Amino acid sequence: MRFVPGSKWVVAALFFVALAIPLLTDNSYYLNMLIMVFIWSIAVSGMNIIAGYAGQLSLAHAGFFGIGAYTLGLLMVKAQMSFLVSLAVSVVLTGMVGAVVGMISLRLKGHYFAIFSLCMGVILSLVIEKWESLTEGVRGLLGIPVPKIGSVEFSTLTSQYYLILFFFVLAMFVNRQIIHSLVGRTFISIRNSEELAESLGIHAMKSKMLAFVYSTVLAGLAGALYAGYLRFLGPEIASIEHAFEMLLYLLVGGIGTLWGPVVGTALVMTLMQWLQSWQDYRMIIFGPILVLIVMFLPHGIMGAFAQLKKNQPSVLPDTTDDKNRGIERGVNDRRLAGGESDA
Amino acid sequence: MLRTEKLSKYFGGNQAVNSVDFQINQGEITAIIGPNGAGKTTFFNLISGLHPPTSGKIFFEGEEVTNKRSYEMAKMGIARTFQTTKLFAGATVMENLMIGHRLRTKSGFWGAVIRSQRYRNEERACREKALQVLEFVGASALANRSVASISQEEQKRVAIALALSTDPKIVLLDEPAGGINADETSNLAELITKMKNAGLTICIIEHKMQMIMKLADRIMVLNQGIKIAEGTPDEISRNETVIEAYLGGGAHAQAH
Amino acid sequence: MDLFFQQIVNGLVLGSIYSLVALGITLIYGIMHLPNFAHGHLYMLGAYVTFFLITDYGLSYWPAILFAVAILVVIGMLLERLVFRPLHHAPHINSMIASIGVMLFIEAIARKMWGSDYRRLDSPYDGIIDLFGLNITEQRLLVIVSAVVLMIGLHLFLKRTVIGSTIEAMAQNREGAFLVGINANKVSLMTFAIASGLAAAAASLAAPINLVYPSMGAMVNLKAFVIIVLGGMGSIPGAVIGGYILGLAESISGTYINSEYKDLAAFVLLILILTVRPTGLFAKEAR
Ligand SMILES: Nc1ncnc2c1ncn2[C@@H]1O[C@H](COP(=O)(O)OP(=O)(O)OP(=O)(O)O)[C@@H](O)[C@H]1O
Ligand SMILES: [Mg+2]
């Protein structure tokens, strides 16, 4: 995960384009699409922190998205609280639920963690669906008021766009700061080998908790923004299918890469729009894509991109002889593995 | 400095380490030898906190540390390398070593997000520590290489550097000379002497007897989990039980 | 009292199905170290294949079951060969994700080909038997008995044949078993074949009792995972016993707990147990 020189400019340029888009077009289709991409990118980047960096595959993140969304919706509809307060409470509450879930589940290793998180995701979505007296169940939660901050009302698409862009940029900034820091490297070291990390004095459980809680906070934030934008909620947003979709976005874009979640979400969501008429069948295409990606492009588009950049100007003397190629393969094999013990 | 009392580890019915009383003295090089499966690595795993002992006690600098976890042991100053060289794959040597010094830093999430003064100081400290230990092990040139692209012997050096980057008091080396040739072995012996001269306490597991006999101040011999002898290299090479159980044949000849 | 016994019978039926599916998952996990999230969907495919063989091709029940098992065995082997074997040495996250991909694909295919509506297969054995004063439909009895027969068959295969005992040794003791002379690829291929066959058999047996629909595999799959985590991943007796326990628990509690929350029970149970014992109920010491 080295910083690719020049990418700073690309990011800056894209940022200004994003700022200017509502000025260039008022096509609501595109704006809506971008808003959705921003929202889901935030959630997927949360999944990326825990799965891609800390190496713990969590399938409960649609559930945390649901908690964030429903908390905001319920606070605004049933408690008439203001948008900002509701947003803050949603994020904090999601993080707290995340802390409790993390405390239990992060003691589990490898597959157990993934299975546990899958069950947790099912529980969260079932609770949201069945607890009708609170969430209105399958009827859905309607009539979430227009978000207002002070006297500014976010009633138009353009204003919503800027609101959500703000949080998207904020989330990506924090992600970047974390990933390119000692904290992010600590996560990666746990993904690489929990045993080695602990022998170097790293309290793996503490780091995994941090990664997990932060990742649920991102999912909760995305959920809350989603609720404030669409202004109605159905229990299906928390369904396990959504977790699988997020996983798809993450893998296509590149798990364990900073921009992978954004690239994957944008690309796959666009593709899905084209395949609108397929709706229920779109996984006929995306299922095999998921399989092909883990087989041939385990770090997705961004990973392949970084590989290209690295290989082109071959500055380093290439000393990979036969003996080392074995190691290299072992290394690539272990890239994605979460704290697998081989002692 | 580090002392064990009747330390045992059973894996099911297998008594991998059986009631071992042992001591590592400050500033010395202590060696543990024994045939394959004798329980040497398991013993390291116990005193580095990787596995909890079945029974017995461990003391470090007078304090009981029996059930401390490995990250706590590392913080107290016990560093180790692994028999199968372990490094963080997919990262550069530098990135590996910076993580090695992470335990001496305090910055957390917010410090990293806002890049606080303390965070920046600590990151610099990690980087300086990394360069310093790399120079110490004579591998400065490798800083920006990916760990996958360096040779077996270089990986061994980097693994030692990684242990040193934690600012340890004791370094446990599990077969540092395994799988490297004679020249490289003598370089490694030099490095270990240099570590001792720098004031570190060292405990080493090794099958290469010649190297051990030259380096070690004291040797413990394990066989089937039991300590069968302890003493200076001279005493050990004359010890009948040891010769019978272990040294006999080729290894014996090699030792003289 | 009568109701209670009825619930026991229902529990045994459910348990038979859970056990057969869980056995497949646990075998695959034991051999390949892969939690196959697509396994429940093989079960679903098995049910559809049986259904169409009977309704569209006019096969009678038993030949349809045999064909369905055969077809699923082939599909299972194809999956092993094309997807999971190439990923065998990849990090465990990768093969897990691949199994999710396979799962999504199978379900979408089923929706595309057969629609999302529920289908009912008429049982050829819809008579009612009086068993010690207890009324039980023939089909239910058939499920219970066939499951036992299949398990005995599997047991004999694992104990009496060379490849079977290799599979068992490898499943029960992942690290230790380096049995010579048997090709590891053959073992994993066989395992997938057996596991898929068991899932298809379970589905065919249960099809006349339950409805057939594309997402029918998802819940069975999740519950089978609950079972094998409880029973110890890779443990064969654990899968069988766990399956019956969960089936009975669900069926009996179903009379007392609001059925809305019935599905939750299994997962809450799992969470509670993993909270207390992070490696599952019957797992050996972790390291
Ligand atoms: N994690 C473990 N689980 C079960 N048994 C173990 C474990 N680690 C070691 N053992 C057993 O303990 C015994 C001692 O093994 P250990 O690795 O400590 O030997 P060693 O002296 O380091 O041998 P070598 O010289 O080959 O490295 C062996 O019988 C081994 O099989
Ligand atoms: Mg050893």
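In table form, for the structure just shown:
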{"quantity": "For B:LEU50: the one exception among (1) open to solvent by 10 Å² or more (accessible area, probe 1.4 Å); (2) in contact with a Lys or Arg (Cβ under 9 Å, 6 or more places away or on another chain); (3) not assigned by the TED database to the domain that holds B:LYS9", "calculated": "(3)"}
{"quantity": "Selection status of B:THR41, within 14 Å of another protein chain (Cβ to nearest Cβ), under 24 Å from B:ILE243 (Cα atoms), within 16 Å of ligand 1 (Cβ to nearest atom) and open to solvent by 10 Å² or more (accessible area, probe 1.4 Å)", "calculated": "yes"}
{"quantity": "Single match in A:TYR226, A:TYR161 (criterion: of a type in the set (Phe, Trp, Tyr), farther than 30 Å from B:LEU50 by Cα and open to solvent by 10 Å² or more (accessible area, probe 1.4 Å))", "calculated": "A:TYR226"}
{"quantity": "Any hit, segment B:72-82, residues being among the polar types (S, T, N, Q), within 15 Å of ligand 1 (Cβ to nearest atom) and more than 14 Å from the chain's Cα centre (by Cα)", "calculated": "no"}
{"quantity": "Whichever residue in segment A:180-223 is under 14 Å from the mean Cα position of the chain (by Cα) and among the aliphatic types (A, V, I, L, M) and, among such residues, is surrounded by the fewest Cβ atoms within 10 Å (Cβ to Cβ)", "calculated": "A:VAL213"}
{"quantity": "Count - residues of segment A:253-265 that are open to solvent by 10 Å² or more (accessible area, probe 1.4 Å) and within 13 Å of chain C (Cβ to nearest Cβ)", "calculated": "0"}
{"quantity": "Among the candidates C:GLY11, C:GLY46, residue that is surrounded by fewer than 24 Cβ atoms within 10 Å (Cβ to Cβ), in contact with a Ser or Thr (Cβ under 9 Å, 6 or more places away or on another chain) and within 28 Å of C:ILE252 (Cα to Cα)", "calculated": "C:GLY11"}
{"quantity": "Failed condition for A:ALA243, given (1) out of contact with any His (no Cβ under 8 Å at 6 or more places or on another chain); (2) closer than 19 Å to A:PRO288 by Cα", "calculated": "(1)"}
{"quantity": "Filter result for B:SER8 (assigned by the TED database to the domain that holds B:CYS203, crowded, with 18+ Cβ neighbours inside 10 Å, touching a residue at least 40 places away in the same chain (Cβ under 8 Å) and under 21 Å from B:SER165 (Cβ atoms))", "calculated": "no"}
{"quantity": "Every residue from segment B:203-217 that is open to solvent by 40 Å² or more (accessible area, probe 1.4 Å) and not in a loop (DSSP other than H, G, I, E, B)", "calculated": "B:GLN210, B:LYS214"}
{"quantity": "Failed item, numbered, when C:ASP56 is tested on (1) of a type in the set (Asp, Glu); (2) free of Cβ contacts under 8 Å to residues at least 12 places away in the same chain; (3) crowded, with 24+ Cβ neighbours inside 10 Å", "calculated": "(3)"}
{"quantity": "Lone qualifier among B:LEU200, B:LEU172, B:LEU188 - being within 16 Å of ligand 1 (Cβ to nearest atom), buried (at least 17 other Cβ atoms within 10 Å of the Cβ) and assigned by the TED database to the domain that holds B:GLY37", "calculated": "B:LEU172"}
{"quantity": "Residue that is open to solvent by 50 Å² or more (accessible area, probe 1.4 Å) and under 21 Å from the mean Cα position of the chain (by Cα), where the choices are C:MET170, C:MET77", "calculated": "C:MET77"}
{"quantity": "Enumeration of residues in segment C:123-134 that are without any contact (Cβ under 8 Å) to a residue 60 or more places away in the chain and either farther than 26 Å from C:THR55 by Cα or open to solvent by less than 60 Å² (accessible area, probe 1.4 Å) (or both)", "calculated": "C:GLY127, C:ILE129, C:ASP130, C:LEU131, C:PHE132, C:GLY133"}
{"quantity": "Residue pairs meeting the criteria (Cβ under 7 Å; at least 6 apart or on separate chains; first of a type in the set (Val, Ile, Thr), in segment A:112-124; second part of a helix (DSSP H, G or I))", "calculated": "A:ILE115/C:PHE225; A:ILE115/C:VAL229; A:VAL122/A:ILE240; A:VAL122/C:LEU222; A:VAL122/C:PHE267; A:ILE123/C:LEU264; A:ILE123/C:PHE267; A:ILE123/C:VAL268"}
{"quantity": "Test: residue in segment C:237-255 that is surrounded by fewer than 20 Cβ atoms within 10 Å (Cβ to Cβ) and within 13 Å of chain A (Cβ to nearest Cβ)", "calculated": "no"}
{"quantity": "Any hit, segment C:57-80, residues being in a helix (DSSP H, G or I) and in contact with a Lys or Arg (Cβ under 7 Å, 6 or more places away or on another chain)", "calculated": "no"}
{"quantity": "Wholly enclosed helices (runs of 4 or more DSSP H) of segment B:14-112 bearing at least 3 residues within 16 Å of ligand 2 (Cβ to nearest atom)", "calculated": "B:40-47"}
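Here's the yes/no breakdown for (1) within 16 Å of ligand 2 (Cβ to nearest atom); (2) assigned to a strand (DSSP E or B):
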| residue | (1), (2) |
| --- | --- |
| B:LEU172 | yes, yes |
| B:PRO176 | yes, no |
| B:GLY179 | yes, no |
| B:MET195 | no, no |
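The values are calculated or read from the model by the stated rules, or taken from the named source; none is laboratory data. All values reported here derive from a predicted model rather than from experimental measurement. Quick reminder, even Gly has a Cβ in these numbers, built from the backbone with ideal geometry, and neighbours come from all protein chains shown. Surface areas here come from the heavy atoms of the whole protein model, side chains and all, with no ligands, DNA or RNA. Shrake-Rupley method; radii C 1.70, N 1.55, O 1.52, S 1.80 Å.
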